[in-house]
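Inspection log for the structure reproduced underneath, given as structure tokens.
The values are calculated or read from the model by the stated rules, or taken from the named source; none is laboratory data. Here the structure is a predicted model, which is why all the values come from computation and not from measurement. Cβ sites come from the backbone with ideal geometry, for glycine too, and all protein chains shown count toward neighbours. Please note that ligands, DNA and RNA were not included when accessible areas were found on the heavy atoms of the full protein model with its side chains. Shrake-Rupley method; radii C 1.70, N 1.55, O 1.52, S 1.80 Å.
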Amino acid sequence: MTDSPEQEYDPGDVAVIGMSLRAPGARTKEQFWDVLVNGRETVSFLAKDDIHVDETLIHSPFYVRACGVLDTYNKFDPSVFGISDRMAAAMTPENRLFLESAWESLEDGGYDPDRLNAEIGMYGANNPQTAALYSSPPDRVSVGPEAIEASLAWSPDTMTSNALYYMGLTGEAVTVATACAGFHYAVHLACQSLLLGQSDMAIAGGAMVRLPHPRGHLWEENRILSKDGHCRPFDANGTGTALSSGVVTVLLKPLGRAVADRDHVYAVVRGSAVNNNGVSAMAYGLAQPERLSACIAAAMEVGGVTPDTVSMYEANGLGLPMTDELEVHAATMAFGKQTATTSIGGVKGNVGHGGVVSGGFGAIKAALALYHKTLPATINLTEVNQDLDFPSTPFVPQIEGADWEPEAGIRRAGITSIGGGGYNAHLLLEEAPAVAERDPEGEGRPRLATLSALDDDALARQRTRLREWLEADPGLRLDDVCFTLNLGRKVMARRWAAVVRSREELIAALADDARGPATTTAAAPRTDPGAFSVNDNGIVPSGRDARALSDLAAAWVTGRQVDFDALHLGEASRRVPLPTYPFQPRRFWRTDW
């Protein structure tokens, strides 16, 4: 790499360097990918006793007991953020979920909020109806700051500012309300802020919790909700979709800066576009092909990308023949006549329709498809709707999973999201650039690995998760792992450190019965405070040999601050995805104000 690698990349490109997801049947993005590649449907079919709605509604012959259930919708770990139990109960489920997800995205990107000296934009979408159903706080502004704080904890508008505040960050905070296109709009605004230099990094996403939760829906002819609870994108027998809940956030940074900072890149946002149907809509809230087509084409034009190089199209895909036909027609107009074939799929068959976060499910599916070079199957597609006339379009339904081998030589994906009220949005993602070659990692060099948590139980879970992660990914380099742990995690009270010379030594040290090289807060040797050189960032490492690192580990686990930047100065180590903090969620539900 050159000294200024940002000059090698298009200044309009934005890197996705961190991701977090919770969806029906998947608490992590890794579990979500497993759902996709194994073609599972995670929409639940509920027992009557599990549904919290009016009895007359449940017994209607048109009531469908299907729902994408989010099992953590009413749980939260306030201790990580210094939030009281009283305040945690006042916060809406979406406020809580978004905060935890934003934290996970930042950690997944390898950044500690306490060591960030940067403007972090926060952009998110939620469902205003959720706050109303969670019960509005009384209008008690005049009684003082406590009532105001409770109201702000509950408010849909303050979801993003709350995330900045409780993570200890500063930057823009924008909560968008654009119906089911909310995730895409949040990413679009975040990219604009980054490219204008208003933010150094940005977290964008959305959170959706249907209340009461869980619940089904009433089926109506030619409406978007499914007659039997299954979503069948592009299928002749499709009758719509089921509703679900979830949260998705992504951590974004200009691509050139991300490469210079040695960030891990999942995918690149090449272009984004939004518009609204306005008065020209066929019907209010229904996609209008010409306007949606213009939105898709604009995203490609912004990215300087020709349609024949986009080999994956993740559709809004409601699974209702009428809406699927409108979308395929619009996308065909945007792509035009071409000889290349583009895979078309829809994630709603797997997880249902997540409202404001539905576009996030599609975007994470596309980003992971780019990352793994694999096209997941579109499930529940057994009889392709012939009215879609796919042979005369650039699209081929992705009926089975396959390796992604693009004809254009580069992998690109377009993701469409459509919101009621005429909102259209499209994101164009591209695979991450090739990583510059490095010299092989030197064998036998001692390294310092650190972990910390709020208590010993969480610390033990940290060790277990990291050990399992390393065992599952033999390609991870030890220097990258230590670099990410030492610089990319918030330092907490209970600490663990190990000086190791190989991945195998680190895995052994992480084991529950480990003895020898590991040092914990509970049983650390005392160190002489005067034995270390100190600067404003903490103890300056006296060397990188095993003895110096062991002394450093002992000082750190007993509460001393260490200048880890100095420890890794001059290295070529890179940030890599590692397990994020093991939240210990408890149930919180407001019962009174």
Residue list for the range 444-488, filter: within 19 Å of Thr558 (Cβ to Cβ) and of a type in the set (S, T, N, Q): Thr450, Ser452, Gln462, Asn486
Residue within the range 255-272 that is open to solvent by 10 Å² or more (accessible area, probe 1.4 Å) and under 30 Å from His213 (Cβ atoms) present: no
Condition met for Gly352 (open to solvent by less than 10 Å² (accessible area, probe 1.4 Å) and either more than 19 Å from the chain's Cα centre (by Cα) or not β-branched (Val, Ile, Thr) (or both)): yes
Residue that is modelled with pLDDT under 95 and either open to solvent by less than 40 Å² (accessible area, probe 1.4 Å) or small (Gly, Ala, Ser) (or both), where the choices are Ala449, Ala436, Ala425, Ala413: Ala436
Filtered residue count, the range 65-82, keeping only those that are modelled with pLDDT of 95 or more and β-branched (Val, Ile, Thr): 2
Selection count where residues are of a type outside the set (A, V, I, L, M, F, W, C) and surrounded by fewer than 24 Cβ atoms within 10 Å (Cβ to Cβ), scope the range 195-213: 6
Residues of the range 313-327 satisfying the condition of being farther than 19 Å from Tyr423 by Cβ and surrounded by fewer than 23 Cβ atoms within 10 Å (Cβ to Cβ): Pro321, Glu325
Candidate set: the range 26-71, residues that are surrounded by fewer than 19 Cβ atoms within 10 Å (Cβ to Cβ) and among the hydroxyl-bearing types (Ser, Thr, Tyr); chosen: the one farthest from Asp228 (Cα to Cα): Thr28
Helices (runs of 4 or more DSSP H) contained entirely in the range 38-147, each with at least 1 residues that are more than 21 Å from the chain's Cα centre (by Cα): 55-58, 85-90, 128-133
2 or more residues in contact (Cβ under 8 Å) with a residue 40 or more places away in the chain and farther than 24 Å from Ala315 by Cβ: qualifying strands (runs of 3 or more DSSP E) within the range 400-480: 447-453
Some residue of the range 217-239 being open to solvent by less than 10 Å² (accessible area, probe 1.4 Å) and under 18 Å from the mean Cα position of the chain (by Cα): no
Residues of the range 281-304 classified as of a type in the set (A, V, I, L, M) and closer than 17 Å to Lys337 by Cβ, total: 3
Condition check for Gly171: over 26 Å from Ala366 (Cα atoms), out of contact with any Cys (no Cβ under 6 Å at 6 or more places or on another chain) and either touching a residue at least 12 places away in the same chain (Cβ under 8 Å) or of a type in the set (Phe, Trp, Tyr) (or both): yes
Failed criterion for Leu189 (all others in (1) buried (at least 24 other Cβ atoms within 10 Å of the Cβ); (2) within 18 Å of the chain's Cα centre (by Cα) hold): (1)
Of all residues in the range 538-562 being over 16 Å from Ser452 (Cβ atoms) and in a loop (DSSP other than H, G, I, E, B), the one that is most open to solvent (accessible area, probe 1.4 Å): Ser542
Scope the range 387-410; condition open to solvent by 40 Å² or more (accessible area, probe 1.4 Å) and of a type in the set (Val, Ile, Thr); matching residues: Val396, Ile399, Ile410
Any hit, the range 94-107, residues being polar (S, T, N, Q) and free of Cβ contacts under 8 Å to residues at least 24 places away in the same chain: no
Residues that are closer than 23 Å to Tyr111 by Cβ and of a type outside the set (S, T, N, Q), drawn from the range 442-454: Arg447, Leu448, Ala449, Leu451, Ala453, Leu454
Pair list, Cβ < 7 Å and 6+ apart or interchain, from the range 340-364 residues that are closer than 12 Å to Arg22 by Cα to residues that are of a type in the set (S, T, N, Q): Val351/Thr42; Val351/Ser244; Gly354/Ser244; Gly354/Ser245; Ser358/Ser417
The one condition in (1) touching a residue at least 40 places away in the same chain (Cβ under 8 Å); (2) part of a helix (DSSP H, G or I) that Gln192 fails to fulfil: (1)
